[in-house]
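Engineer: The following block contains the structure, expressed as structure tokens.
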Amino acid sequence: MKTKNQGFTLIELVLVIALLGILAAAALPKLFSISTTTARENARDATAAAVQTGLSNYAADQVAQGNSVSYPAALDARAVDDVSANSKPFYGTVIQGGTTQKGWTKKSDTCYHFDNNGTAEYYVYSSAAGTFINQTAACP
């Protein structure tokens, strides 16, 4: 009695799996809306949040030392020298020297410009309120 083997060969299975992998790799960025624009916006938001966190740490350090809540006069190397070790990473890696992160440019002591693929965005620092916020108009 002769039996006929039915099924797929190993090479056929490997080819199908490889093809499915290629299709999945091509479809994932569209499925999850992954793009360089989204990544750049996320990096911008993370930088702004890091600066705000640094400002909060600075104020907390002031209170811990028995002083009233205050914030540095400017977000640059001069201010970083006066910041405690807890806050220093937020300033040193983000805004020290004016242009340390891709896309960021220091315009003045209170204004930073972010180039979002040709679209200008401005962030203004207020030493009175301790905020680093986005504004639609260009800095004065």
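The values are calculated or read from the model by the stated rules, or taken from the named source; none is laboratory data. All figures in this text were calculated on a predicted structure; none of them were measured in a lab. Cβ sites come from the backbone with ideal geometry, for glycine too, and all protein chains shown count toward neighbours.
Engineer: I'd like the residue in the stretch 1-49 that is in a loop (DSSP other than H, G, I, E, B), at pLDDT below 80 and among the β-branched types (Val, Ile, Thr) and, out of all such residues, is nearest to Asn134 (Cα to Cα).
Structural biologist: Only one residue fits best here, namely Ile34.
Engineer: Is there any pair with a first residue in the stretch 100-123 that is touching a residue at least 60 places away in the same chain (Cβ under 8 Å) and a second that is in a loop (DSSP other than H, G, I, E, B) whose Cβ atoms are under 8 Å apart and which are 6 or more apart or on different chains, and what are they?
Structural biologist: Matching pairs, first to second residue: Phe114/Gly103; Asn116/Gly103.
Engineer: Being modelled with pLDDT of 60 or more, aromatic (Phe, Trp, Tyr) and in contact with an Asp or Glu (Cβ under 9 Å, 6 or more places away or on another chain), is that true of even one residue in the stretch 87-101?
Structural biologist: So far as the stretch 87-101 goes, no, none of its residues is modelled with pLDDT of 60 or more, aromatic (Phe, Trp, Tyr) and in contact with an Asp or Glu (Cβ under 9 Å, 6 or more places away or on another chain).
Engineer: With respect to Phe132, is the statement that it is touching a Leu at 6+ places or on another chain (Cβ under 9 Å), surrounded by 18 or more Cβ atoms within 10 Å (Cβ to Cβ) and modelled with pLDDT of 85 or more true?
Structural biologist: yes
Engineer: Let me ask something else. Taking only pairs six or more apart or across chains, which ones have beta-carbon atoms under 8 Å, a first residue in the stretch 23-51 that is farther than 22 Å from Val124 by Cα and β-branched (Val, Ile, Thr), and a second residue that is in a helix (DSSP H, G or I) and at pLDDT below 80?
Structural biologist: So the pair list comes out as Ile34/Leu28.
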